[in-house]
C-alpha cells in the first residue's frame, strides 16, 4: 500500500487537497503533529470536498510516534535538497508498504531526519530559480509516479461514473 505522510502540515487547503488525492488513489494518509490548523470540516471542506469521509488517515504526536508505529525500510522523503527525481527510484522493487513523506510548507522536513535517509530523498526537477512547488501538487506527482511504476493497481483507467464511452455520445 502507498502512504502519504505529512510532517507538521501548516495549511489546511493543502492537506484537504492531499486528502482528495489519497481518496482517489486509495492511499493512506498520516498526519504528524503539530498541525497548523484544526482538523475539522470547516477548515478542510472546500479542498477535501465530500471525500474527507472516505479517507483513511491517522494522527501522530511526533515523528518518533510515527516511526515507532510504522517501522519500514520504505520511507521516501520529498525535499528540495535531494539529488534524485522520484522517477529515478524503483518503487516497483519495494517490498511492503511505501511511505512518501513531505514536510511542512515553511521549512520542509528537518535535516536531522533527512540526513539519516539520504538515499531515499527525492526532488522534483525544476528550473534553477524555483524554490519549490505547492505541497499538494508534490504529493499528487509522487503518488502518481509510484502508481505508474506499480501499474495503477486497483485504480480504474476508464471513467466509471458517466461511463467509459461518454465522449462518444
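The values are calculated or read from the model by the stated rules, or taken from the named source; none is laboratory data. Everything numeric here is computed off the predicted structure, so don't read it as measured data. Here the Cβ is made from the backbone with ideal geometry for all residues, glycine too, and neighbour counts use every protein chain on show.
Observations on the model:
- Residue count for segment 128-139, restricted to those that are exposed (fewer than 13 other Cβ atoms within 10 Å of the Cβ) and either modelled with pLDDT of 95 or more or closer than 20 Å to residue 14 by Cβ (or both): 2
- Yes/no for residue 142 being surrounded by 10 or more Cβ atoms within 10 Å (Cβ to Cβ), touching a strand residue (DSSP E or B) at 6+ places or on another chain (Cβ under 7 Å) and part of a strand (DSSP E or B): no
- Failed condition for residue 73, given (1) under 14 Å from residue 124 (Cα atoms); (2) part of a loop (DSSP other than H, G, I, E, B): (1)
- Test result for residue 132, under 17 Å from residue 33 (Cα atoms), assigned to a loop (DSSP other than H, G, I, E, B) and touching a residue at least 24 places away in the same chain (Cβ under 8 Å): no
Yes/no per residue for (1) closer than 19 Å to residue 136 by Cα; (2) part of a loop (DSSP other than H, G, I, E, B); (3) more than 12 Å from the chain's Cα centre (by Cα); (4) modelled with pLDDT of 95 or more:
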{"position": "15", "(1), (2), (3), (4)": "yes, no, no, no"}
{"position": "29", "(1), (2), (3), (4)": "yes, no, no, yes"}
{"position": "36", "(1), (2), (3), (4)": "yes, yes, yes, no"}
{"position": "81", "(1), (2), (3), (4)": "yes, yes, yes, no"}
{"position": "87", "(1), (2), (3), (4)": "yes, no, yes, yes"}
{"position": "112", "(1), (2), (3), (4)": "no, no, yes, yes"}
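- Among the conditions (1) closer than 15 Å to residue 110 by Cα; (2) in contact with a helix residue (DSSP H, G or I) (Cβ under 7 Å, 6 or more places away or on another chain), the only one that residue 62 does not satisfy is (2).
- So residue 147, is it assigned to a helix (DSSP H, G or I) and farther than 25 Å from residue 11 by Cα: yes
- Residue count for segment 46-70 satisfying the condition of being under 18 Å from residue 114 (Cβ atoms) and either in a loop (DSSP other than H, G, I, E, B) or at pLDDT below 95 (or both): 2.
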